[in-house]
Structures are given as structure tokens and as C-alpha cells.
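The values are calculated or read from the model by the stated rules, or taken from the named source; none is laboratory data. These figures come from a predicted structure and were not determined experimentally. All Cβ positions, glycine included, derive from the backbone under ideal geometry; neighbour counts span all protein chains shown.
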Amino acid sequence: MNLTAIRDPLEILNRHFCESMYAAGAVPVENGRLADVGSGGGFPGLPLKIMRPDLQVFLIESSIKKATFLAEVVRDLELTDVRVLVGRYEELGEEVAPLDFVCSRALGEFAPFLEWVRSERVAAKQVILWIGARDLPEIQKIRTWEWREPIPVPNSLRRLLLVGARKAGTVGSTT
């Protein structure tokens, strides 16, 4: 289905599954409502759900082909409390709100995404980002989030987990 550019099975295991499962232990996501934005092949949302079955998970994917694949995986694995939402994250709000966690692994523009995450429409408490080290300074400039110390992802080339908590009283503006 061409869900990922990575073709080597070992690299798929390390880059997709292991990085996603590592977050389940490194970030306290035991239960609650989690949205995985840009789920693609289901990473990190599906491994997080498998590792933390008490999570209620929303897999948000704009590609109908990928969303169809996700729905089949959810059905085949008989996962409960998982919804696949087809659309762009910017268009969603009440379908997912309120959220405890929003995560993303493949994000381009951080400021608009983080503004959406903390908006009244979504009201997320925490954001979990898989980023390259070069993106860290840009994200840390966004002052409406309290950023924890970045967590290096094992066996990766300069990839980090970055967790932010919503600062009180700063809904909307990201600067």
C-alpha cells in the first residue's frame, strides 16, 4: 500500500514499532484520550494502544487509502476504543475533544499544529512529538507550552521525544 518510504523490515521494526513502543514507557500515557495526528501506517497510535489498552485512541489521517488500512488493522486486531477519523486535523474539534494527549511523528509546521492542540476546540493537556534534533530550537520558542527535557530516542539518528504541557491561561496564541 506504500504506507511508508522505509522498505527494510528491520528498519521498519526499529523506526516505527520500537520508537512508538519506547514512548509508552518514556511518557506517562497510561490511560485517557489520545489523538495521533497524521497516523499514516498507524504509528505511534496503534503501538501505544497495544501497549496501553486503557487509552481511548483517535487515529487522524487525511489520506483515505491510509485511513482504510488503519480501519482494517483496528478491525483485524479487534482493538476497542479506537476510532479512525478521515480528514485534516485543522478541521476537527468536537469529534475528539477533550483530549489528554495529542501526538505526532510526521509534522511539518509546528506553530499551527500546537495552536490547534491547545485551542478550546481540542483542549489537549499534553502534546508528544517525535522530532529531529534540528527542530528542537524552533519548537522551544513556542512559549504557550511547558516543555520537558527532550528524550533521545534509542538507536536513532538525532531523533527526540518532546513532551509539552499546556500552560494555564494561554489558550490560542503560540508565541
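Look at the stretch 78-87 and say how many of its residues are surrounded by 13 or more Cβ atoms within 10 Å (Cβ to Cβ) and on the phi < 0 side of the Ramachandran plot. The total comes to 6.
Looking at the stretch 134-150, is at least one residue within 18 Å of Phe43 (Cβ to Cβ), buried (at least 20 other Cβ atoms within 10 Å of the Cβ) and touching a helix residue (DSSP H, G or I) at 6+ places or on another chain (Cβ under 8 Å)? No, the conditions are met nowhere in the stretch 134-150.
Just one residue in the set Arg83, Arg134 is free of Cβ contacts under 8 Å to residues at least 40 places away in the same chain and over 18 Å from the mean Cα position of the chain (by Cα); that residue is Arg134. Among the residues of the stretch 20-53, just one is at pLDDT 95 or above and of a type in the set (Asp, Glu), namely Asp36. Going by what's in this entry, would Glu30 be described as closer than 22 Å to Val117 by Cα, among the acidic types (Asp, Glu) and surrounded by fewer than 21 Cβ atoms within 10 Å (Cβ to Cβ)? Yes; evaluated as a whole, the condition is true for this residue. For the stretch 62-91, a residue qualifies if it is more than 28 Å from Ser119 (Cβ to Cβ) and not in a loop (DSSP other than H, G, I, E, B), and the qualifying residues are Lys65, Thr68, Phe69, Glu72, Val73, Arg75, Asp76. Inside the stretch 94-121, residues that are assigned to a loop (DSSP other than H, G, I, E, B), in contact (Cβ under 8 Å) with a residue 40 or more places away in the chain and among the hydrophobic types (A, V, I, L, M, F, W, C) make up a count of 4. Screening the candidates Glu91, Glu72, Glu146, Glu61 for the property of being touching a strand residue (DSSP E or B) at 6+ places or on another chain (Cβ under 7 Å), without any contact (Cβ under 8 Å) to a residue 24 or more places away in the chain and more than 20 Å from Glu30 (Cα to Cα) yields one hit, Glu146. Scanning the stretch 149-173 for residues that are in contact (Cβ under 8 Å) with a residue 60 or more places away in the chain and more than 14 Å from the chain's Cα centre (by Cα) turns up Ile151, Val153, Pro154, Asn155, Ser156, Arg159.
Of all residues in the stretch 29-55, those that are small (Gly, Ala, Ser) and in a loop (DSSP other than H, G, I, E, B) total 5.
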